[in-house]
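Okay, so here's the structure we're looking at.
The values are calculated or read from the model by the stated rules, or taken from the named source; none is laboratory data. All figures in this text were calculated on a predicted structure; none of them were measured in a lab. Here Cβ is always computed from backbone atoms with ideal geometry, including for glycine, and neighbour counts include all displayed protein chains. For the accessible areas, the whole protein counts, side chains as well, though only heavy atoms, and no ligand, DNA or RNA atoms are used. Shrake-Rupley method; radii C 1.70, N 1.55, O 1.52, S 1.80 Å.
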Amino acid sequence: MKVSLFVTCLNEIFYQDVAKDVVEVLERLGCEIDLPRGQTCCGQPAYNSGYRKDAITAAKQMITSFEDSEYIIAPSGSCTAMFKEYPGLFNEHKGWQERAQAVAEKTYEFTQFIVDVLGVEDVGAVYPAQATYHTSCHMLRLLKETEAPFKLLENVKGLELLPLENSYDCCGFGGTFAVKMVPISEQMVDEKVRNIEQSSADVLIAADSGCLMNIKGRMDRKGIPIDVKHIAQILNTLA
Amino acid sequence: MPMKIGEKPFFGRVDDALQDHFMRNAMASAQDRFRNKKLDATERDEQVGDWEEWRSAGEEIRRHTLENLDFYLDQLSENFSKRGGHVFFAKTVEEANRYIQKVAKEKDAKYVTKSKSMVTEEIGLNEALEEVGCHVYETDLAEYILQIDNKDRPSHIVVPSLHKNKEQIRDTFQAKAGYTGTEEPHELTAFARSQLREVFLKADIGITGCNFAIAESGTISLATNEGNANMVTTYPDTQITVMGMERLVPTWEELDVLINLLSRSAVGQKITTYVTNLTPGVEEDCVDAPKEFHLVILDAGRSNALGTEFQSALHCIRCAACVNVCPVYRHIGGHAYGSIYQGPIGAVLSPILGGYEEYGELPFASSLCAACTEACPVKIPIHELLIKHREKYVNHQENVKTSEKLAMKAFGVGTSTPFLFQIAVKGAPMFMKPLIKDGSISNGPGPMKPWTAIREFPAPGKDNFRSWFKEHQKGRQ
Ligand code: SF4
């Protein structure tokens with residue numbers, strides 16, 4: 001199956017290992033991957049901050065880069081959700097709106113794609129650890145994806161998933177929120193970190209690098225030695 | 001401005017709130033409680049069936065009503081007047097207060113009782129009535145507590161005194177009302193009840209808000225739990241109801257749906273203890289109904305939203321489900337919003353009613369986690385409305401720093417020009433290198449500063465993913 005990978009800007013700049021793991025997992029599952037060259041960022045930072053015009057500029061770039069793809073896969077619930085927002089950006093421009101719609105429809109978050117499209121729930125990963133999972137808000141509420149990551153993690157050998165108190169509460173990232181509303185964001189991430197600590201997990205897993213960057217950044221600052229992994233890194237650990 | 005709470009700027013209010021540990025614990029445990037009660041009475045209640053269908057029905061009713069607002073307001077007003085009620089349309093807060101003052105003066109009213117109403121908080125009615133010599137008594141327990149505590153302000157639209165615990169309430173009762181008992185809730189309630197009994201009996205005017213007005217019959221519907229609204233509306237000879245102009249339903253059938261949505265979402269009840277429906281016009285010898293019934297229908301900025309992208313904000317039925325799941329409200333509580341309308345819907349409504357100058361920061365005080373949108377029983381896309389506010393806000397040159405605008409411009413150019421984006425990606429490790437210590441950045445300059453104020457900023461990865469991918473693909477061929 002031919003799939004196009006949208007790496008996402010955070011993974012491209014900071015977390016190349018995550019991107020590599022995504023490639024390797026998908027290849028193992030029989031996908032033929034291409035990396036459209038024109039890809040940059042989904043535009044969410046501008047969109048969520050009220051800079052619609054600049055978001056449209058980014059959206060056009062993504063649409064043009066990905067419209068020939070069969071499937072578009074992003075290892076981020078949040079960026080995937082942004083792709084799904086694209087049609088709404090072009091209410092005054094029917095031509096672009098149709099193109100945006102076509103792109104939105106074939107875009108999947110990484111775990112969603114594996115479970116719902118490839119129909120795979122066990123990728124053969126082995127990861128002996130006690131872990132807890134952070135459900136990112138955009139995956140949960142915008143994509144309404146509540147199952148795929150759990151199905152995949154449940155089948156990882158040796159991995160024990162511990163419940164996370166108030167897992168539905170936001171970690172306080174929220175893109176520019178994290179830098180615009182520092183005192184509030186701080187309290188939110190602190191509560192999240194407290195709950196993660198209380199879960200007694202050794203490793204925190206999530207499917208969004210934004211949340212992980214925030215939570216890890218805070219745990220590192222506080223000297224809390226809990227490991228942080230993107231779900232692709234877990235799924236690409238074989239033994 | 002009566003809608004406004006506190007004088008400090010936004011971040012000052014947030015700081016105050018964050019230091020109030022009691023309040024924050026109270027908010028967090030109240031949220032956890034409310035959230036579960038709501039789920040038990042909605043998604044998890046078998047009697048409900050498909051809760052999503054109920055939400056869609058609610059959304060449809062509210063949309064239809066707002067799209068035909070003129071028609072239903074006419075109908076309501078006609079039916080209310082036909083039965084002998086008096087209707088007054090108030091364009092502004094001042095007009096509403098002047099009208100009510102006039103009625104109070106005509107009746108030579110000394111004592112006024114009130115049941116819980118956010119809209120009378122919005123217009124600052126108590127002060128307006130005091131100006132014309134009335135003694136105003138809040139009779140909803142939570143509002144009563146706030147009133148005797150030096151007119152403290154509401155921190156939650158359904159439970160206005162959520163920020164107070166029973167010990168604080170005991171102290172207030174002792175200091176202000178001669179209470180001598182303990183902090184036992186039953187004892188406190190019994191005391192308030194006995195105080196209020198006397199007041200009910202001597203009231204000249206009873207004032208209520210309005211959960212829904214039913215257009216087809218000219219009826220006001222109130223959903224309450226304490227029964228005080230019934231006392232407020234049966235003893236005095238004159239009743240005044242103040243309603244926001246959007247708070248109506250076409251017929252009793254829609255009322256049924258919305259009362260369900262409201263009770264279940266607000267307090268996790270199948271139905272509130274009382275649903276009181278009041279229509280003007282009584283039989284000659286009726287002794288337990290007011291002789292005169294005034295309905296004040298308030299605009300006060302609501303029509304700013306009509307016909308705009310914000311119209312759905314007027315669909316709100318004030319259940320506070322969005323407030324109860326908001327992670328921002330959880331930590332800063334109600335007063336930090338600086339408005340009597342708090343939480344996510346407060347951040348949407350307050351700027352519509354009171355303008356950006358006063359409430360411009362509120363739409364930014366959200367991580368856009370969409371918990372509000374998910375919780376709303378009438379499916380208002382609250383987090384999307386917050387983004388729309390942000391768009392309008394940043395479009396006014398004077399509102400934002402030039403540096404932010406430039407950064408966003410650069411973002412637009414960078415993301416639409418792949419080779420520039422690649423320069424940024426490739427250059428990041430080099431640019432950031434001097435800042436990195438032990439694998440991360442602890443004290444970043446410029447735009448990184450607020451991030452590193454509380455967290456580590458990651459060092460950019462050393463490899464270039466696209467080069468790796470190229471090699472990797474070659475290897476596979
Ligand atoms: S916006 Fe929705 S959830 Fe919030 S108070 Fe209004 S009706 Fe309730």
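Worth a mention:
- Residue within region B:413-436 that is under 17 Å from A:A178 (Cβ atoms), of a type outside the set (K, R), assigned to a helix (DSSP H, G or I) and open to solvent by less than 40 Å² (accessible area, probe 1.4 Å) present: no
Rundown of residues vs (1) within 14 Å of the ligand (Cβ to nearest atom); (2) at positive phi; (3) in contact with a Phe, Trp or Tyr (Cβ under 8 Å, 6 or more places away or on another chain), yes/no style:
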{"site": "B:G333", "(1), (2), (3)": "no, yes, no"}
{"site": "B:P344", "(1), (2), (3)": "yes, no, yes"}
{"site": "B:V348", "(1), (2), (3)": "yes, no, yes"}
{"site": "B:F364", "(1), (2), (3)": "no, no, yes"}
{"site": "B:E374", "(1), (2), (3)": "yes, no, no"}
{"site": "B:P381", "(1), (2), (3)": "yes, no, no"}
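- Of residues in region B:246-270 being modelled with pLDDT of 95 or more and more than 16 Å from the ligand (Cβ to nearest atom), the one surrounded by the most Cβ atoms within 10 Å (Cβ to Cβ): B:P250
- Single condition B:E122 does not satisfy, out of (1) among the charged types (D, E, K, R); (2) crowded, with 22+ Cβ neighbours inside 10 Å; (3) under 21 Å from B:A192 (Cα atoms): (3)
- Just one of the listed residues (B:F200, B:F191) is open to solvent by 20 Å² or more (accessible area, probe 1.4 Å) and among the aromatic types (F, W, Y), namely B:F191.
- Of all residues making up region B:298-315, the number that are out of contact with any Lys or Arg (no Cβ under 8 Å at 6 or more places or on another chain) and hydrophobic (A, V, I, L, M, F, W, C): 4
- Subset tally (residues that are acidic (D, E) and touching a residue at least 24 places away in the same chain (Cβ under 8 Å)) for region A:37-67: 1
- With respect to the conditions (1) modelled with pLDDT under 95; (2) more than 10 Å from every other protein chain (Cβ to nearest Cβ); (3) under 30 Å from B:K449 (Cβ atoms), A:A239 lacks only one, and its number is (3).
- Residue check, B:Y359 more than 14 Å from the ligand (Cβ to nearest atom), open to solvent by less than 10 Å² (accessible area, probe 1.4 Å), more than 12 Å from the chain's Cα centre (by Cα) and not aliphatic (A, V, I, L, M): yes
- Applying the condition of being more than 9 Å from chain B (Cβ to nearest Cβ), outside any helix (DSSP H, G or I) and hydrophobic (A, V, I, L, M, F, W, C) to region A:7-36 and asking which residue is farthest from A:M62 (Cα to Cα) yields A:L29.
- Scanning region B:286-313 for residues that are part of a helix (DSSP H, G or I) and more than 10 Å from the ligand (Cβ to nearest atom) yields a total of 4.
- All of (1) in a loop (DSSP other than H, G, I, E, B); (2) more than 13 Å from the ligand (Cβ to nearest atom) hold for B:I387 with one exception: (1).
- For region B:150-173, filtered to residues that are touching an Asp or Glu at 6+ places or on another chain (Cβ under 9 Å) and of a type in the set (D, E), the residue that is nearest to B:K114 (Cα to Cα) is B:D171.
- Apart from one condition, B:E391 fits all of (1) open to solvent by less than 10 Å² (accessible area, probe 1.4 Å); (2) facing another protein chain (nearest Cβ under 9 Å); (3) under 25 Å from B:G12 (Cα atoms); the exception is (1).
- Subset of region B:394-407 that is within 10 Å of chain A (Cβ to nearest Cβ), in contact with a Gly (Cβ under 9 Å, 6 or more places away or on another chain) and in a helix (DSSP H, G or I) - its residue that is most open to solvent (accessible area, probe 1.4 Å): B:N395
- The one condition from (1) in contact with a helix residue (DSSP H, G or I) (Cβ under 8 Å, 6 or more places away or on another chain); (2) part of a helix (DSSP H, G or I); (3) more than 8 Å from chain A (Cβ to nearest Cβ) that B:K474 does not meet is (1).
- Residue that is farthest from the other protein chains (Cβ to nearest Cβ), among those in region A:183-221 that are part of a loop (DSSP other than H, G, I, E, B) and among the charged types (D, E, K, R): A:D202
- Residue list for region B:16-49, restricted to those being closer than 17 Å to B:I157 by Cβ, open to solvent by 50 Å² or more (accessible area, probe 1.4 Å) and touching a residue at least 24 places away in the same chain (Cβ under 8 Å): B:K37
- Condition met for A:S167 (out of contact with any helix residue (DSSP H, G or I) (no Cβ under 9 Å at 6 or more places or on another chain), more than 7 Å from every other protein chain (Cβ to nearest Cβ) and surrounded by fewer than 24 Cβ atoms within 10 Å (Cβ to Cβ)): no
- A count restricted to region A:118-156 and to residues that are within 18 Å of A:H230 (Cβ to Cβ) and of a type in the set (K, R) stands at 1.
- Every listed requirement among (1) surrounded by fewer than 24 Cβ atoms within 10 Å (Cβ to Cβ); (2) at pLDDT 95 or above; (3) more than 10 Å from the ligand (Cβ to nearest atom) is met by B:V328 save one, (1).
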